[in-house]
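The values are calculated or read from the model by the stated rules, or taken from the named source; none is laboratory data. All figures in this text were calculated on a predicted structure; none of them were measured in a lab. Here Cβ is always computed from backbone atoms with ideal geometry, including for glycine, and neighbour counts include all displayed protein chains.
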């Protein structure tokens, strides 16, 4: 905002065009050649009032100052505001008004879960991090986008909150999301998966070039298998290299019509790897008609256990042999100042090509050769003193390939670089040019900025000293400002001066530098450029384990270093989980860095052989956010046993349990392997049982049992291995016994499921209730009950319970909490068990008998039942016994039951209103013209509807459900209590629902009416 034409006095006000609210901003003011005292004011018209940014008396001849300010959150719908600058003195008076944009600042919010993938029944731990305090509800969303949990008014402590929720034992599998909503309405989503899985013991990696060119005659493919604890996997490798056709032939011709493949196999070496040189001639890289990829699928079968895992990779095939591009180059040149530029030469994969000659040429002018450095870059400076064209082009070339074309073939391509330049205009032919920097600036350092200049007599006039002003901006905010004085008595009007730029965290990741001066003619001579700054934080966070390796179940320390009084959050992840899905945490934990900036967290290494990856972040009111590098801890012992188990089996089904003993001691040992006996399963050795086994360095032995589970649920298996004090040699080697860690025991649980499940999801059940009488005379009374189960019941799945009470109502009234049950089974069973939990909670609460233990138990059951019932919801809002996947229609009785129960559960747990509205909409479409409800779908258990099945009873049931929700409804157009009376004369006892016609069918309570039903 320069001043109007004046002989001497000039002013300039500098501030960003876009201002963010609740953010520290700066406005900079320059006044020059003052010959009297003036009052300087800058006023911002904001939210209907004038906010003063500057109001000061200036007496100095030359002034340059920057003043901090901030604006509160804007409630205006228009982002445009105005700034007015006034300079007023005895003889001087100027006024200028300009427009600005004001935008509410958005906090940076991110979400972490303790791991990216979960099993049914596990607890999801998650953390929300916000770098400001303004926060709104956060929700969970399942694969059907049903809202499962909601936390409202979540308060963050120093920008951090940690929450958790439990998955049901039979959730919908798929991708879920934690959703955090900010005050602005903007949401942040973090996905996680729910699956039934077994963690992999080792990883199969395929290493090959990311990109190959059509001129490559061979490539190397390396396949490796490594256990999560870092040791190589012994086994057999097989892999296929394939190039698919662009258009596969019909299936009649088999696999060879889909791709051209080559196969390789072999044993891994001592490092767990195998490498093969693949010749590309078979894959015809120069022919068209194929996909431009080579795919590799590799499998490693682990010795003895037979466990086989797969790894994949691919190479892109490109016709580009080299490519040259311009980097950090301006779009204008300034005559007389060198044009600084940089090119980068890469191959088809994007890898830099070093020590190659590239040719840089002006269009129709000078041509110069440059050699690329190790990064493939060549920096150049072109003389522009003789250039006066309005526009000019610069061309960069590497190699030229003769042109040829055949549609069945592809040819190599060397891509050139081209840059179009325009001449920069200056009335006085004076220029400033900030010399660019190719390297990224390092935080905590000071960098030297070179500024080239040309000042002509037209720009300088009679000045002997020129004041140059500079600003440093980052993230749209002025961060630094200063001046540099150029003394023309001692320096030339054409040259270079230096600025010292402190590189701090607040100017990362990109700093924009502006250098300018004003000529007496009002011309602003300026230049600006951007410098890349390494991504760093003012809060320097460091994290280390007290040891890089430790025994399972041993103690270790996590050492933190951060700014004093920081709140730090740490997470650690098992590398096995990373193999299932990238991005993971194990257990969020928060610590505080003390006043000296250090903290120590005691942790116990989990009892598993693997590698743990840990990192941390910290927040501080003074220094803000900081992030640590990732550190590793290897949980390892040189002698241990591991089990190979499936995720689950069916009771009565036999499977092979394998125990593999590893020896990484530098000596031979003799070991025994024992499976603890149990009444829950039968186990017989697969091979002849031996008392001991010989294991030398890096040796392994697998012992197997054929196991048949006899019990349901989680069955425990305990396998122990012990290094024996046995003098019997291992071949010619002497046996040693380790001093520590002679014995290792592994206990694992296996889920044993009952047969006869509906695709593993729904168990049909039968319940028989018996009532007996007991004499009050004091004499013992014996009474027999016949517990007859259905003939088709699954063996051992029946359960019987009994209790003795002093009165006939004792069980119901004195042990109401025992009526609480975990909902399970199909859509009908689940609701039959879900609803009583609500009634028990309400009764115990109103009679002041509700303990925290019972309340927690009941709410847990309700949450589980709510999640489970959503499995049986149809897209149209109705519910059926087994849900939409089996082609069932939604059932009217069940939908009304769900509607009523969900509505009644709202005071106790979160219920998404959408489910209630969806059910209401669906029921409204099932009402006939006479007001009665049409029956839809089927029920397996007619007891749910009292054993009757007609429209009158169905309509009455739905009416009761609607009245018990409750909703603010009317009957026959009048309030409920009055309308019942007024409708009696019309023999009207049942309701009719209709919508007021909202297009989105989202019926609000005020849209529901109850009309007359003629019976």
Among the candidates 30, 112, single out the residue that is under 30 Å from residue 576 (Cβ atoms), in contact (Cβ under 8 Å) with a residue 24 or more places away in the chain and in a strand (DSSP E or B).
112
Test each condition in (1) modelled with pLDDT of 50 or more; (2) more than 27 Å from residue 835 (Cα to Cα); (3) out of contact with any helix residue (DSSP H, G or I) (no Cβ under 8 Å at 6 or more places or on another chain) for residue 983 and report the one that comes out false.
(1)
Looking only at the range 940-950, decide whether some residue is in the same structural domain as residue 860 (by TED's automatic domain parsing), crowded, with 18+ Cβ neighbours inside 10 Å and modelled with pLDDT under 90.
yes
On the given criteria, is residue 538 crowded, with 16+ Cβ neighbours inside 10 Å, modelled with pLDDT under 90, in contact with a strand residue (DSSP E or B) (Cβ under 9 Å, 6 or more places away or on another chain) and over 21 Å from residue 332 (Cα atoms)?
yes
Take the residues in the range 224-269 that are out of contact with any helix residue (DSSP H, G or I) (no Cβ under 9 Å at 6 or more places or on another chain), loosely packed, with under 12 Cβ neighbours inside 10 Å and over 14 Å from residue 302 (Cα atoms); name whichever of them is modelled with the lowest pLDDT.
252
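Could you check, for the range 71-80, whether at least one of its residues is over 42 Å from the mean Cα position of the chain (by Cα), more than 25 Å from residue 483 (Cα to Cα) and free of Cβ contacts under 8 Å to residues at least 40 places away in the same chain?
Keep residues of the range 71-80 that are over 42 Å from the mean Cα position of the chain (by Cα), which gives none.
So far as the range 71-80 goes, no, none of its residues is over 42 Å from the mean Cα position of the chain (by Cα), more than 25 Å from residue 483 (Cα to Cα) and free of Cβ contacts under 8 Å to residues at least 40 places away in the same chain.
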The correct count of residues that are under 24 Å from residue 176 (Cα atoms), modelled with pLDDT of 90 or more and touching a strand residue (DSSP E or B) at 6+ places or on another chain (Cβ under 9 Å) in the range 884-904 is 1
Considering only residues that are closer than 30 Å to residue 462 by Cα and outside any loop (DSSP other than H, G, I, E, B), which ones fall in the range 507-558?
513, 514, 515, 516, 517, 518, 524, 525, 526, 527, 528, 529
Is it the case that some residue within the range 562-575 is more than 19 Å from residue 112 (Cα to Cα), modelled with pLDDT of 85 or more and surrounded by fewer than 18 Cβ atoms within 10 Å (Cβ to Cβ)?
yes
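Any residue at all in the range 347-363 that is within 35 Å of the chain's Cα centre (by Cα), farther than 21 Å from residue 435 by Cβ and part of a strand (DSSP E or B)? Show your work before the answer.
If we filter the range 347-363 for residues that are within 35 Å of the chain's Cα centre (by Cα), which is where we start, we get 347-352.
Next cut, farther than 21 Å from residue 435 by Cβ only: 347-352.
Keeping just the survivors that are part of a strand (DSSP E or B) gives 347, 352.
Taking every residue of the range 347-363 in turn, at least one turns out to be within 35 Å of the chain's Cα centre (by Cα), farther than 21 Å from residue 435 by Cβ and part of a strand (DSSP E or B).
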Exactly one condition in (1) more than 16 Å from residue 630 (Cα to Cα); (2) at pLDDT 85 or above; (3) crowded, with 20+ Cβ neighbours inside 10 Å; (4) not assigned by TED's automatic domain parsing to the domain that holds residue 475 is not met by residue 593; state its number.
(2)
Sole exception among (1) at pLDDT below 80; (2) not assigned by TED's automatic domain parsing to the domain that holds residue 843 for residue 719, by number:
(1)
Can you report the number of residues in the range 483-492 which are exposed (fewer than 15 other Cβ atoms within 10 Å of the Cβ) and modelled with pLDDT of 85 or more?
3
Conditions: (1) more than 21 Å from residue 150 (Cα to Cα); (2) within 30 Å of the chain's Cα centre (by Cα); (3) in contact (Cβ under 8 Å) with a residue 60 or more places away in the chain. Residue 894 meets all but one. Number of the miss?
(2)
Look through 196, 203 and report the one residue that is crowded, with 18+ Cβ neighbours inside 10 Å, over 20 Å from the mean Cα position of the chain (by Cα) and within 30 Å of residue 301 (Cβ to Cβ).
203
Is it the case that residue 215 is touching a residue at least 12 places away in the same chain (Cβ under 8 Å), out of contact with any helix residue (DSSP H, G or I) (no Cβ under 9 Å at 6 or more places or on another chain) and farther than 25 Å from residue 270 by Cβ?
yes
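Can you pull out the residues in the range 559-575 that are at negative phi and part of a loop (DSSP other than H, G, I, E, B)?
The answer is 562, 563, 564, 566.
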Criterion first (touching a strand residue (DSSP E or B) at 6+ places or on another chain (Cβ under 8 Å), at pLDDT 95 or above, surrounded by 13 or more Cβ atoms within 10 Å (Cβ to Cβ) and not assigned by TED's automatic domain parsing to the domain that holds residue 550) does residue 307 satisfy it?
no
Looking only at the range 598-635, and only at residues there that are surrounded by 19 or more Cβ atoms within 10 Å (Cβ to Cβ) and in a loop (DSSP other than H, G, I, E, B), the one that is modelled with the highest pLDDT
628
Output the number of residues of the range 23-70 satisfying the condition of being more than 26 Å from residue 102 (Cα to Cα) and under 44 Å from the mean Cα position of the chain (by Cα).
0
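Take the conditions in the same structural domain as residue 927 (by TED's automatic domain parsing), modelled with pLDDT under 90 and either surrounded by fewer than 23 Cβ atoms within 10 Å (Cβ to Cβ) or more than 22 Å from residue 171 (Cβ to Cβ) (or both) and apply them to residue 857. Does it pass?
yes
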Given the condition part of a strand (DSSP E or B), in contact with a strand residue (DSSP E or B) (Cβ under 6 Å, 6 or more places away or on another chain) and surrounded by fewer than 16 Cβ atoms within 10 Å (Cβ to Cβ), answer yes or no: does some residue in the range 75-82 qualify?
yes
